[in-house]
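The values are calculated or read from the model by the stated rules, or taken from the named source; none is laboratory data. What you see is a predicted model, and the numbers here were worked out from it, not measured in a lab. In this analysis, Cβ positions are derived from the backbone assuming ideal geometry, glycine residues included, and neighbour counts consider all displayed protein chains. Surface accessibility is based on the protein's heavy atoms, side chains included, excluding ligands, DNA and RNA. Shrake-Rupley method; radii C 1.70, N 1.55, O 1.52, S 1.80 Å.
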Amino acid sequence: MATALDTAPTTTSDAIVSPDRLAHVVLRTSRFKEMVAWYKLVFNATPAFESEHIAFLAYDDEHHRIALINIPNLASPPKGVVGVHHFAFTYNSMSDLLGNYVKLRDKGVVPVWGVNHGPTTSFYYADPEGNNVELQVDNCDTVEEAGEFFFTENFRQNAIGVDVDPEDLYQRMMGGEDEASLKAYHPIGYRSVEDSPLEGAA
């Protein structure tokens with residue numbers, strides 16, 4: 001049984017940058033060890049408590065942000081049913097988001113979708129059970145500015161967003177392009193909710 005004192009987050013230059021804010025998420029799983037390892041990696045998290053039955057993972061001064069419960073023989077949920085669609089974590093900068101993208105990519109963890117929603121630029125990942133996890137950065141300087149986007153013609157026509165290629169954004173950043181340019185929203189006109197790769201993400 002491990003405790004939070006047994007390990008510490010990695011602090012080297014290739015360490016995963018931890019998200020900025022969230023309360024916590026609890027997931028039940030029958031792939032417990034795989035799920036615990038995935039969330040430790042993606043969030044640079046350490047166990048506040050971990051046994052063969054449950055894990056409480058933390059990445060900041062909160063006692064836990066993600067909990068995983070080991071329940072054998074659970075069935076996979078069928079597609080096209082109601083339930084949680086995804087949960088999102090915000091980073092402080094585009095460089096943090098893109099830096100993590102590369103570090104995770106090099107460990108075999110890649111986004112299933114990259115999109116500029118307008119208020120955010122977001123990379124969606126699927127955990128080992130297929131849950132959607134959104135890692136995002138705010139495109140706007142204030143909450144008010146982000147809120148105003150929802151009342152624009154661009155949002156009325158396209159509440160989903162414009163697809164982006166994380167690799168392209170990373171290469172542009174490495175080429176010296178500034179964050180404002182990388183976050184720029186380029187309207188594409190009408191796009192239906194059903195056009196989302198995540199069955200209607202917004």
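When the helix-only estimate is applied to the chain (DSSP H runs of n ≥ 4, each -39,500 (n - 2.57), divided by the residue count), what is the mean residue ellipticity at 222 nm, nearest 500 deg cm²/dmol?
Details: 6 runs with 49 residues, N = 202.
Calculated at 222 nm, the ellipticity per residue is -6500 deg cm²/dmol.
Please compute the contact order of segment 107-202 in relative form: average sequence separation of alpha-carbon pairs under 8 Å and at least six residues apart, divided by the residue count, as a percent.
Values: 128 pairs, mean separation 27.1, N = 96.
Value for segment 107-202: 28 percent.
Between S95 and H24, what is 0.36 nm times their sequence separation minus the Cα-Cα distance? Round to one decimal in nm.
Answer, rounded to one decimal: 23.1 nm.
Report, in whole Å, the centroid distance computed from the Cα atoms of segment 12-85 and segment 101-175.
Segment 12-85 and segment 101-175 have Cα centres separated by 21 Å.
Using alpha-carbon pairs under 8 Å, 6+ residues apart, how would you state the relative contact order of the chain in percent? Could you put the intermediate results ahead of the total?
Values: 337 pairs, mean separation 35.5, N = 202.
Relative contact order here is 18 percent.
What's the percent breakdown of Cα-Cα distances in segment 121-169 across 5 Å bins, shortest bin first?
Percent of Cα pairs in each bin: 5, 16, 19, 23, 20, 12, 5, 1.
If you bin every alpha carbon distance in the chain into 5 Å steps from zero, what whole percent lands in each bin?
Bin by bin from 0 Å, the calculated values are 1, 7, 14, 18, 19, 16, 12, 8, 4, 1, 0.
If I stretch the segment between E34 and H86 completely, what's the gain in nm (0.36 nm per residue apart, minus their alpha carbon distance), one decimal?
On the way: separation 52, 0.36 × 52 = 18.72 nm, distance 1.90 nm.
Working it through step by step, the gained length comes to 16.8 nm.
Work out, step by step, the length gained on full extension between V112 and T142: first 0.36 nm times the residue separation, then minus their alpha carbon distance; give nm to one decimal. Spell out each step's value before the answer.
Values: separation 30, 0.36 × 30 = 10.80 nm, distance 2.80 nm.
Net length gain for the segment: 8.0 nm.
What's the carbon and sulfur percent of segment 21-117's accessible surface, probe 1.4 angstrom, rounded to a whole number?
Values: 2760 of 4970 Å².
The C+S portion of the solvent-accessible surface of segment 21-117 is 56 percent.
Kindly count the pairs of lysines across the chain whose alpha carbons are less than 24 Å apart, treating pairs on different chains or eight or more residues apart as eligible. Provide the component values of the computation, followed by the final result.
Numbers: K33/K103; K33/K107; K40/K103; K40/K107; K103/K183.
Total qualifying Lys-Lys pairs in the chain comes to 5.
Between L41 and E153, what is the FRET efficiency for a Förster distance of 35 Å, r being their Cβ-Cβ separation, to the nearest 0.05?
Numbers: r = 41 Å, r/R0 = 1.16.
FRET efficiency, L41 to E153: 0.30.
Considering only D61, D178, D138, give the residue with the highest GNM mean-square fluctuation for the chain, with springs between Cα atoms whenever their separation is below 10 Å.
Comparing D61, D178, D138 in the GNM, the peak value goes to D61.
Looking at the chain only, what percent of DSSP beta bridges run antiparallel? Nearest 5 please. Working shown, then result.
Numbers: 24 of 35 bridges.
For the chain, the DSSP antiparallel bridge percentage is about 70.
How big is segment 138-202 by Rg and Dmax over its Cα atoms, in Å?
Just the Cα atoms of segment 138-202 yield Rg and Dmax of 13.3, 35 Å.
Once you order the gyration tensor axes a ≥ b ≥ c over the Cα atoms, which shape class does segment 29-99 get: rounded for a/c under 1.5, otherwise prolate or oblate by comparing a/b with b/c?
On the way: a/c = 2.26, a/b = 1.25, b/c = 1.82.
Here segment 29-99 falls in the oblate category.
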